[in-house]
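Down below is the structure, laid out as structure tokens.
The values are calculated or read from the model by the stated rules, or taken from the named source; none is laboratory data. Keep in mind it's a predicted model, so treat the numbers as computed, not measured. Don't worry about glycine lacking a Cβ; one is built from the backbone with ideal geometry, like all the others, and counts go over all protein chains shown.
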Amino acid sequence: MRGEPLQAFVVWDGPTWPPTAEAAQGVAMALADALGLNLVETFLAFIQSDQGQRGRLLNIAGSSGFAAEIADGLADTHLDDADAPTGGSAAPTPAPEASKEPAEVAAPPPEDTNPAPSPVPLLRFEDLTIDGQPVLTFGEDPDDSSGRGPGKPSDRSATSGRSRQAAAGTDLAALDFLGMRIAMGYEVRRLRRHGLFRAEVLPPDGVPVDGTSLVVDVHSPEAIRQAEASSAAVKHVMAELESRGISRLFPGFDILSIAAGKADRLIELKSSGVDARVQTMSWNEWKSARASDIRSNFCLYLVGNLRSDLGHALPFVRAIHDPFGSLASRELEEHHVSRAVQLRVREFTEAEQLDLGGP
């Protein structure tokens, strides 16, 4: 009820712990949703860890001192009236976890000697197929959508978004690289479906290219300089975007799609090992997304379920047009640090989605 503390119960369908990979993902997503935290991959790593790994993760978080207290509380809940002691000689039987630790344990300082978490397995690009026709998919209706127009903040609680959250052991560089390859492959196929049969990814090796239908990596100033040196079409399009107020070296998107010599899609890419509910855009990215001159060209591409241990969860590419106008968002301001915008990426008007074939 309104005004009362939140109580949430998360139940999985298996008789033993830990749950199966598919059930573990569902539990992790349910916990993140119930708590309003963008920590799905962190919860998933914790659920799938063994007891020793969970202890190390708690040490790193500075929370290991609560383990015995929680175990004692769970032990108390296991006593019913018939088992309750009636005299001084009987004592409650502690839960298995409680018997292994003293009643109070001070949280030890993190040690550099802790072993690194197990690497999170990612899919291989070579094992994926990006063929087929994307279908239109429609997002979730927010609970508080009444009277809220595009780009206006949601009343739901949101996380701070100060740093990117991923499961311990995730190679973020490899995750980003995989997401970039998938998104660019998807975009080439999209252009070819629209009749631009010579569309191609601009090679990163600096070799001059004469084509006018290109998919270009523009995620860094160096990538942009190299792309402009390789292609007159890229140089022309970047100059045109600059004349419309977009920074030449920090444009606020990761991929530029050029169709017949003209800017087609300006793509901000977000890659995730799972199907994340919330993503954060930097303020520079959001400024580009909401610029009136290019809003019709700006797209948010979500490439998700890139972990290889998710069971039947298919990897996907989801393309959302004009995220400023179609996504529920909440502006965050972090004093002395950064300014960002959180996007509830399940709440959109419509998007193209292509489920990718796996191994």
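The condition of being surrounded by fewer than 19 Cβ atoms within 10 Å (Cβ to Cβ) and closer than 14 Å to LYS262 by Cα holds for GLY211. Counting only residues that are polar (S, T, N, Q), crowded, with 20+ Cβ neighbours inside 10 Å and under 30 Å from the mean Cα position of the chain (by Cα), segment 227-269 holds 1 of them.
The residues of segment 16-27 that are assigned to a helix (DSSP H, G or I), more than 9 Å from GLN48 (Cβ to Cβ) and touching a residue at least 40 places away in the same chain (Cβ under 8 Å), listed by number, are GLU22, GLN25.
The number of residues in segment 191-208 being under 14 Å from LEU256 (Cβ atoms) and either assigned to a loop (DSSP other than H, G, I, E, B) or free of Cβ contacts under 8 Å to residues at least 12 places away in the same chain (or both) comes to 3.
Pairing residues of segment 133-144 that are charged (D, E, K, R) and at pLDDT 80 or above with residues that are assigned to a strand (DSSP E or B) and surrounded by 11 or more Cβ atoms within 10 Å (Cβ to Cβ), at Cβ distances under 7 Å and at least 6 apart in sequence or on separate chains, gives no pairs at all.
When SER89, SER64 are checked against the criterion of being touching a Leu at 6+ places or on another chain (Cβ under 6 Å) and at pLDDT below 70, SER64 stands alone in meeting it.
Within segment 252-297, the set of residues being at pLDDT below 90, over 30 Å from SER308 (Cα atoms) and of a type in the set (Asp, Glu) comprises just one member, ASP293. Taken as a whole, the condition of being at pLDDT 90 or above and either farther than 28 Å from ALA45 by Cβ or touching a Ser or Thr at 6+ places or on another chain (Cβ under 7 Å) (or both) applies to ILE320. I need the full set of residues from segment 291-305 which are crowded, with 18+ Cβ neighbours inside 10 Å and either out of contact with any Pro (no Cβ under 6 Å at 6 or more places or on another chain) or closer than 13 Å to PHE253 by Cα (or both), in order please. Residues satisfying the conditions are ALA291, ILE294, ASN297, PHE298, CYS299, LEU300, TYR301, LEU302, VAL303, GLY304. In the set GLY252, GLY273, GLY211, GLY245, only one residue is more than 28 Å from ALA340 (Cα to Cα) and assigned to a loop (DSSP other than H, G, I, E, B); that residue is GLY211.
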